[in-house]
Amino acid sequence: MNTRQILLLWAALLVVMLACRCLPLVLLRGRSLSPRVERALSLIPVAAFAALVANDLVRPDAYAQDPLLAMRALASALVVLLVARKSGSLVWCAVVGMGCYALLALAA
């Protein structure tokens with residue numbers, strides 16, 4: 001690819017990205033969304049974070065290389081799940097998760 005083609009591709013991608021981000025703001029300005037749509041949109045940050053975490057927890061290549069190392073992360077995640085259900089605090093979940101992972105790393 002030469003420079004002109006790269007710049008053309010970059011410009012096309014920029015237009016598409018801006019359209020996807022800005023058109024809903026312009027088209028939906030002043031309108032109220034249904035509660036069902038608002039509920040669905042409120043779940044996007046949680047789903048994105050869960051996808052990032054699940055990507056690191058469930059990796060077949062990690063289990064193939066070192067199963068104990070992969071299980072360490074999964075065990076820490078289970079402890080964090082219990083803390084999240086009990087406290088509902090993101091700070092406590094982070095502290096307990098890192099602490100549990102560090103203790104399991106020292107034990108291994």
Suppose we filter LEU33, LEU41 for residues that are farther than 27 Å from VAL95 by Cβ, within 16 Å of the chain's Cα centre (by Cα) and either modelled with pLDDT of 90 or more or not aromatic (Phe, Trp, Tyr) (or both); which single one remains? LEU41
List pairs: first in segment 71-83 and crowded, with 18+ Cβ neighbours inside 10 Å, second in a helix (DSSP H, G or I) and not hydrophobic (A, V, I, L, M, F, W, C), Cβ under 6 Å, 6+ apart or cross-chain? SER76/GLY97; SER76/TYR101; VAL80/GLY97
Selection status of LEU33, in a helix (DSSP H, G or I) and either touching a helix residue (DSSP H, G or I) at 6+ places or on another chain (Cβ under 9 Å) or surrounded by 10 or more Cβ atoms within 10 Å (Cβ to Cβ) (or both): no
In segment 52-70, is there at least one residue being exposed (fewer than 11 other Cβ atoms within 10 Å of the Cβ), β-branched (Val, Ile, Thr) and free of Cβ contacts under 8 Å to residues at least 60 places away in the same chain? no
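The values are calculated or read from the model by the stated rules, or taken from the named source; none is laboratory data. What you are looking at is a predicted structure, and each value in this text was computed from that prediction instead of being measured. Heads up, the Cβs are rebuilt from the backbone with ideal geometry, glycines too, and the neighbour counts pull from every protein chain shown.
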